[in-house]
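Read through the structure below, which is laid out as structure tokens, and then see the notes.
The values are calculated or read from the model by the stated rules, or taken from the named source; none is laboratory data. The model shown is predicted, which means the values in this text are computed figures rather than measured ones. All Cβ positions, glycine included, derive from the backbone under ideal geometry; neighbour counts span all protein chains shown.
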Amino acid sequence: MVSLLLSTVLYATPVSMRTQEQSAKAAAATPGLPKLQRLSALNETSYRPLVVTELPKNLRAKAVQILANPKAPHLLLPTAALEASDTLIVAGSHWFSVSYSQQGVTVTLLVRRAAISASWLAKQRVNGPVISRSHGVVTVDFAAGGSAVTLDIECLGGDEHPRCGHDDEVWKVANNLRWVRKP
């Protein structure tokens with residue numbers, strides 16, 4: 001009887017310790033609750049501000065909706081999106097996206113204000129914008145005034161297309177974002 005009790009205790013202890021260890025690892029790797037980042041003014045020289053009334057009529061209503069939301073990030077629009085006939089703006093409570101296409105290129109801009117606490121990444125640092133390429137899509141990630149920005153450029157022909165094959169072309173789109181503000 002004692003040996004049965006002792007073997008039960010010895011067998012159960014490692015299982016419960018393993019469970020606690022797994023729970024601790026899972027808790028450490030789980031991001032925290034979303035936290036809104038404080039927005040700061042954007043550099044007006046870099047982002048050449050536009051007043052919402054200067055936007056094409058088909059974009060004004062959605063822009064006004066985003067600007068009226070106190071939780072929304074800065075409203076940034078690629079200059080070419082102002083001229084494209086198929087520009088689509090979709091807004092969530094802490095984010096918005098803009099997409100348009102022209103001459104074999106589809107551009108999608110995603111701007112987010114909600115950030116996830118990542119204490120488990122505290123020792124890792126990423127400085128400045130990052131360009132990545134995957135499956136014919138060039139992505140530029142950077143921060144702008146407290147907003148996280150992802151710019152995807154997808155080209156027919158992938159890296160063979162001049163707008164996707166050279167970093168200079170990708171930077172042109174990123175550097176031509178306009179900051180839309182209230183009147």
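Yes or no: residue 84 small (Gly, Ala, Ser) and closer than 20 Å to residue 154 by Cβ?
Yes: the conditions hold for residue 84.
Based on this model, can you work out whether residue 132 counts as farther than 21 Å from residue 50 by Cβ, polar (S, T, N, Q), modelled with pLDDT under 85 and within 15 Å of the chain's Cα centre (by Cα)?
Criteria not met by residue 132.
Hey, residue 38 hits all of (1) surrounded by 17 or more Cβ atoms within 10 Å (Cβ to Cβ); (2) in contact with a Gly (Cβ under 8 Å, 6 or more places away or on another chain); (3) not aromatic (Phe, Trp, Tyr) but one; which does it fall short on?
(1)
Conditions tested, residue by residue: (1) in the same structural domain as residue 50 (by TED's automatic domain parsing); (2) β-branched (Val, Ile, Thr); (3) modelled with pLDDT of 85 or more.
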position	(1), (2), (3)
79	yes, yes, yes
83	yes, no, yes
109	yes, no, yes
143	yes, no, no
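If I ask for residues that are of a type in the set (Ser, Thr, Tyr) and under 20 Å from residue 47 (Cα atoms), which ones from segment 130-183 would you list?
Selection gives 139, 147, 150.
Can you find even one residue in segment 98-108 that is buried (at least 17 other Cβ atoms within 10 Å of the Cβ), aromatic (Phe, Trp, Tyr) and touching a residue at least 24 places away in the same chain (Cβ under 8 Å)?
no
Please tell me if residue 46 is at pLDDT below 85, within 21 Å of residue 144 (Cα to Cα), surrounded by 10 or more Cβ atoms within 10 Å (Cβ to Cβ) and out of contact with any Gly (no Cβ under 9 Å at 6 or more places or on another chain).
When the stated conditions are applied, residue 46 passes them.
When you scan segment 45-96, how many residues do you find that are assigned to a strand (DSSP E or B) and of a type in the set (A, V, I, L, M)?
Selection size over segment 45-96: 9.
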